[in-house]
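Colleague: The structure that follows is given in the form of C-alpha cells.
The values are calculated or read from the model by the stated rules, or taken from the named source; none is laboratory data. Model, not experiment: these values are computed from the prediction. Heads up, the Cβs are rebuilt from the backbone with ideal geometry, glycines too, and the neighbour counts pull from every protein chain shown. We work out accessible area using only protein heavy atoms, side chains counted, and drop any ligands, DNA or RNA first. Shrake-Rupley method; radii C 1.70, N 1.55, O 1.52, S 1.80 Å.
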Amino acid sequence: MTTLINETKTTRGNVTALMVALLAACVAFQLNASMLSPALVTMGNELHTDQAVIGLSQTWFFTAAALFSLFLPRLSDIVGRKKILLGMMLLMAVGSVIAAMAPDVTWLFVGRIIQGVSGPTVPLCLIMLRSAVNNPRKYGALMGLITAVNGGVAGVDSFVGGYFAEHFGFRSIFWLMVGLAIVATALIALLAGESKPAAGTIMDWLGVFFIVIAVGALLTALNEGSKLVGAFSSGTLMLAIGLIVIAAAAFAAFWTVEKRSKAPMVETIHLRQRSTWAPLLTTTLAMTGIFAVINGIVPAYVQAAAPGFGVGPTEMSLVILTPYALLGWVFGPISGRLAPVLGYTKVLRIGMLGSIAALAIIAFFGLSSLPLMIVGTALLGIMYAGTVNIMLNGLGVVLSPAGNPGFLPGMNAGAFNLGAGLSFLVLPAVLVATSALGGAKASYLTVVVVGLAITVAAFAASLLIPKPLEAEVEK
C-alpha cells in the first residue's frame, strides 16, 4: 500500500492539525447520531405526533447514513477526500437547520435524511489519516482515538441532549449540531490536506445504483420485520418478503455490472477474498449479537420494576450507559496502539472473547445483581466499544485493496448498520417469543444467551480474517 501511504507528505505538526480537524468531524457526526436519543419524547410532544413516527425519523437517518456510506468513500478516492468530507459536514449543517426549523414531522424527516449524508464520516476520516501517517504504531493509536468517538462522546452526548431538550426544547439540539458542523467544516478547510489516489477514474454510478437499492431494500425489510414482533400482520410480512426479493435481485444485478464494468466500484475478485467477506461477516454478527443487548435489552431490564431493578432512566444512564461509553473512549486508543504490535486480528479476538465473557456475566449473574450487571456492561465497554469496534473499523481500512482504498471501509460501514438492524429485529423477537413460555426473567436470560451465541459465531468468523501485515510492526 505504498501508493496510498505516500499520497500526502506530513510533518508532526501537520498530523496534529489533521487530527484536530478529523476529531471535530467525528464528534460532530457522533453527536448528530446520538444526542437525540433522550429527546425523542420531547420531539413527539412538540411536533404533535406519536413516538412511533418520531422513531422512524431515527430509522431513516441511520438508513440514509448506511446508504451514503456504501459509495462516498469510493467517490472520495476519485474527486478528493477533503472535498467530500467538507460536503458531508456542510450538508449535515443544512439538514440540522431544516430539522431545527421543521414546522411538522415531514420536514423533520427531510432534515434527518439530509443529515444522513454524513454517514461515512468515521471511515472517511480513517482513510485520510491512513494516507497521512505511515508509522504503523502511530497510526494505530490515532485510529483508536478517532474510532472511539464512534461509541459515544465519553458518555456525555445523551446527557447534553437530554438537558437541552428539557430546558430549551428539541430544536436547540439541532442548532447545537449546526454550530458543531460549521466548526468542523472550518477546521477541515483550514487544517486537512487533500488526497485523491484514484483521480481520473470514472465513478461506477450504475454499480452504485444497484448496491444502494440492494442494501436499502434489505434495511427497510429489517425495519418492516421488526414491526412483526408482538403484532403480526400478513401485509407487513409480504412487504418484508418482497423487499428481500428486491434486495437479492439488485445485488445480482450489481454483481453482473461489476463483472462487466471497465472501472467497477469494486472488482468481484475482491468480493470473493477472505480479506473482504470475513471482516464484513464478523462485523455483521458482532453487531447483531451485542448492539441491541447494550442499547435496548439491558437498559429496559434495569429500569423494569419486575423482574429488573426499578432504576430510573437518569440513574440507569449513569450506571450502565455512561461507564460503557466512557470506558470505550478510554480504551480505544490503547487497543489501537496495541494492534500494530500484537496484531490487528489478535487484538480483535481478545476483544471478542472479552465480549463473550461480559455477556456471560450479564446473563448468568447480572440479571440477579445490579452491581454485577454494572460489571458486565463495563467490561463490554472495554472489550466491545473499546476493542472490537476499534479493530473492525481499523481492519476495514488496512485490508482494503491498494487500488480501491475507499471500498472496504464503505462496505464495512454498511455491515455495521445491517448488524444493528438485525440485532433489533432478532433479539426483541426472541424476548417476545420466550416471554409467553416462561417468566419474564427467563425470557431476558434467553435473549442475552442468544446474543452471546451470535457473538461466539462472530468470534469464529474473526478467525478467518487474514493478518494485515503491511499495517503491523515486524517482531
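Colleague: Inspect all residues belonging to the stretch 175-185 and state whether any of them is open to solvent by 30 Å² or more (accessible area, probe 1.4 Å), over 17 Å from F407 (Cβ atoms), within 25 Å of the chain's Cα centre (by Cα) and aromatic (F, W, Y).
Modeller: For the stretch 175-185, residues open to solvent by 30 Å² or more (accessible area, probe 1.4 Å), over 17 Å from F407 (Cβ atoms), within 25 Å of the chain's Cα centre (by Cα) and aromatic (F, W, Y): present.
Colleague: Given (1) modelled with pLDDT under 90; (2) in contact with a Leu (Cβ under 7 Å, 6 or more places away or on another chain); (3) among the charged types (D, E, K, R), identify the lone condition not met by R81.
Modeller: Of everything listed in (1) modelled with pLDDT under 90; (2) in contact with a Leu (Cβ under 7 Å, 6 or more places away or on another chain); (3) among the charged types (D, E, K, R), R81 misses just condition (1).
Colleague: Scan the stretch 79-98 for residues that are open to solvent by less than 20 Å² (accessible area, probe 1.4 Å) and either closer than 22 Å to N412 by Cβ or touching a Lys or Arg at 6+ places or on another chain (Cβ under 9 Å) (or both) and jot them down.
Modeller: Passing the criteria: G80, R81, L85, M88, M89, M92, G95.
Residues checked against (1) over 30 Å from M19 (Cα atoms); (2) touching a residue at least 40 places away in the same chain (Cβ under 8 Å); (3) among the small types (G, A, S):
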position	(1), (2), (3)
W205	yes, no, no
A248	yes, no, yes
W255	yes, no, no
L285	yes, yes, no
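Here is a yes/no grid of residues against (1) touching a Ser or Thr at 6+ places or on another chain (Cβ under 8 Å); (2) among the small types (G, A, S); (3) within 29 Å of A461 (Cβ to Cβ):
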{"site": "Q303", "(1), (2), (3)": "no, no, no"}
{"site": "P307", "(1), (2), (3)": "no, no, no"}
{"site": "Y324", "(1), (2), (3)": "yes, no, yes"}
{"site": "W329", "(1), (2), (3)": "no, no, yes"}
{"site": "P333", "(1), (2), (3)": "no, no, yes"}
{"site": "L338", "(1), (2), (3)": "no, no, yes"}
{"site": "L342", "(1), (2), (3)": "no, no, yes"}
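Colleague: Please work out which residue is nearest to F61 (Cα to Cα), limiting yourself to the stretch 393-419 and to residues that are assigned to a helix (DSSP H, G or I) and open to solvent by 20 Å² or more (accessible area, probe 1.4 Å). Explain how you work it out, then say what you get.
Modeller: Residues of the stretch 393-419 that are assigned to a helix (DSSP H, G or I), as a first pass: 393-398, 407-419.
When the remaining residues are screened for being open to solvent by 20 Å² or more (accessible area, probe 1.4 Å), the result is 411, 416-418.
On the way: M411: 18, F416: 14, N417: 11, L418: 14 Å.
Only one residue tops the list, namely N417.
Colleague: Can you spot a residue in the stretch 250-260 that is open to solvent by less than 20 Å² (accessible area, probe 1.4 Å), in a helix (DSSP H, G or I) and among the aromatic types (F, W, Y)? Explain how you work it out, then say what you get.
Modeller: Within the stretch 250-260, the subset open to solvent by less than 20 Å² (accessible area, probe 1.4 Å) is 250, 254, 258.
Within this subset, residues satisfying the condition of being in a helix (DSSP H, G or I) are 250, 254, 258.
Among the residues that remain, those that are also among the aromatic types (F, W, Y) are: 254.
Yes, the stretch 250-260 has at least one match.
Colleague: Sort out for me the helices (runs of 4 or more DSSP H) sitting completely within the stretch 286-384 that have 1 or more residues that are among the aromatic types (F, W, Y).
Modeller: Ranges flagged: 298-303, 322-342, 344-361.
Colleague: May I ask you to list pairs of residues, at least six apart or on different chains, whose Cβ atoms are under 6 Å apart, with the first in the stretch 161-190 being at pLDDT 85 or above and the second being not in a helix (DSSP H, G or I)?
Modeller: What qualifies is I173/M35.
Colleague: Need pairs with beta-carbon distance below 6 Å; first residue in contact (Cβ under 8 Å) with a residue 24 or more places away in the chain and farther than 30 Å from D50 by Cβ and within the stretch 77-104, second among the basic types (K, R) and outside any helix (DSSP H, G or I); sequence gap 6+ or separate chains.
Modeller: Note: pairs meeting the criteria are G80/K196.
Colleague: Regarding G312, is this residue open to solvent by less than 10 Å² (accessible area, probe 1.4 Å) and out of contact with any Lys or Arg (no Cβ under 8 Å at 6 or more places or on another chain)?
Modeller: Against the criterion (open to solvent by less than 10 Å² (accessible area, probe 1.4 Å) and out of contact with any Lys or Arg (no Cβ under 8 Å at 6 or more places or on another chain)), G312 does not qualify.
Colleague: Let me ask something else. Scan N150, N135 and give me the residue that is of a type outside the set (A, V, I, L, M, F, W, C), modelled with pLDDT under 85 and open to solvent by 10 Å² or more (accessible area, probe 1.4 Å).
Modeller: Matching residue, one of N150, N135: N150.
Colleague: Can you report the number of residues in the stretch 214-239 which are free of Cβ contacts under 8 Å to residues at least 40 places away in the same chain, more than 23 Å from G296 (Cα to Cα) and surrounded by 19 or more Cβ atoms within 10 Å (Cβ to Cβ)?
Modeller: Count: 1.
Colleague: Among the residues of the stretch 35-73 satisfying the criterion of being closer than 30 Å to M265 by Cβ and either outside any helix (DSSP H, G or I) or of a type outside the set (A, V, I, L, M, F, W, C) (or both), which is most open to solvent (accessible area, probe 1.4 Å)? I'd like the intermediate steps shown before the answer.
Modeller: Here is the first cut: in the stretch 35-73, the residues closer than 30 Å to M265 by Cβ are 56-73.
Within this subset, residues satisfying the condition of being either outside any helix (DSSP H, G or I) or of a type outside the set (A, V, I, L, M, F, W, C) (or both) are 57-59, 63, 69, 73.
Values: S57: 1, Q58: 20, T59: 44, T63: 16, S69: 2, P73: 1 Å².
Here the residue is T59.
Colleague: Going through L427, L367 one at a time, which residue ends up being open to solvent by less than 40 Å² (accessible area, probe 1.4 Å), in contact (Cβ under 8 Å) with a residue 12 or more places away in the chain and either more than 30 Å from R274 (Cα to Cα) or touching a Phe, Trp or Tyr at 6+ places or on another chain (Cβ under 8 Å) (or both)?
Modeller: Numbers: L427 fails: either more than 30 Å from R274 (Cα to Cα) or touching a Phe, Trp or Tyr at 6+ places or on another chain (Cβ under 8 Å) (or both).
After ruling out the rest, the residue left standing is L367.
Colleague: Looking for whichever is within 21 Å of I182 (Cα to Cα) and aliphatic (A, V, I, L, M) here; the options are I114, I127. Which one fits?
Modeller: I114
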